[in-house]
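See structure below.
Just so you know, all these numbers are worked out from the coordinates, no wet-lab data involved. None of the values given here were measured: they were computed from a predicted structure. Heads up, the Cβs are rebuilt from the backbone with ideal geometry, glycines too, and the neighbour counts pull from every protein chain shown.
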Amino acid sequence: MKKIIKTKEPKSLTAYRSTISHKNLEDSNIYEDFKEKTKEQCREDRAENLRKQLLQEQGYICCYCMSRIDCDNSKIEHFKPQTKYRKLQIEYQNLFIACSGGEGQKHKNQFCDGKKGEEELHYIELLTSIEKKIVYKKSAKAIAIHSKDKNIDNELNSVLNLNVDILQKNRKHVYDRVMQNLKSKGYTIANIQKILTYYQEKHNGKFEPYCEMIVYFLRKKLQLKGKK
């Protein structure tokens, strides 16, 4: 999980909102009508497409679990649920993009927006430096995500289900690959810093999946070497 920096909303969304009277902003079909062609236009790389811009903004990673997403395997997420906050259903600051979240699986195996549904997050904020409140715990076969803040930790698990088995294993797979690469280069401060910088930046417009988790562990390694 990492802070998301919002850009200026696409002109298509601004134009669409201008066609709706203030009294009709709470109609339940407002967002559904707008999102109908977002996947098709995203694939076509249509200019000012909402889904495409959200993907670019987040570096093609899920706003919650940081897995890789694209035009086809993503869902536009309302941070404040549509059913409770109708006036925010086409407000750009409330729109993010998430993975499919185990869609179609049993509810206990779903995660991110799939698990969250119409629940509300009160303590996790995507527009702040949420990564500073996150810790990762590594075991032999998995990596779990936690927070020392009990309220945030509760939402990570009960609302987003970010410690579902598949996510823990995916994190460990990425961690093992990165650490194997580091081992081959040598555990020097310079090599650790180089890989750390790589995972802090976008490449061809994309962040690496689970990038903040890798940043977390590499910073720990630097600390062990006496570098803050």
With the radius of gyration and the Kirkwood radius both derived from the Cα set of segment 27-116, what is their ratio Rg to Rh?
0.95
Given Cβ charges of +1 for Lys and Arg and -1 for Asp and Glu, the option among Gly186, Asn94, Asn204 whose Cα lies farthest towards the positive end of the dipole of the chain is Gly186
Using only the C-alpha atoms of segment 138-187, find the volume of their convex hull and express it per residue in Å³.
82
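So which trypsin sites (Lys or Arg not before Pro) in segment 91-158 are both in a DSSP loop and have at most 13 other Cβ atoms within 10 Å of their Cβ? Walk me through the numbers before you get to the answer.
Numbers: sites: Lys106, Lys108, Lys115, Lys116, Lys132, Lys133, Lys137, Lys138, Lys141, Lys148, Lys150; in loops: Lys106, Lys141, Lys148.
Hits after loop and neighbour filter: Lys106, Lys141, Lys148.
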Per residue of the chain, what 222 nm ellipticity follows from adding -39500 (n - 2.57) for every DSSP H run with n ≥ 4, rounded to the nearest 500?
-10500 deg cm²/dmol
Which residues among segment 65-97 fall inside the zone where the amide N is under 11 Å from a point 7 Å beyond the Cα of Arg43, along Cα→Cβ?
71-73
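Excluding the sites themselves, what is the longest stretch of the chain that contains no GluC sites (Glu not before Pro) in a DSSP loop with at most 14 other C-beta atoms within 10 Å?
Details: sites that count: Glu26, Glu36, Glu44, Glu48, Glu103, Glu118, Glu119, Glu120, Glu125, Glu201.
So the longest stretch without any such site is 126-200.
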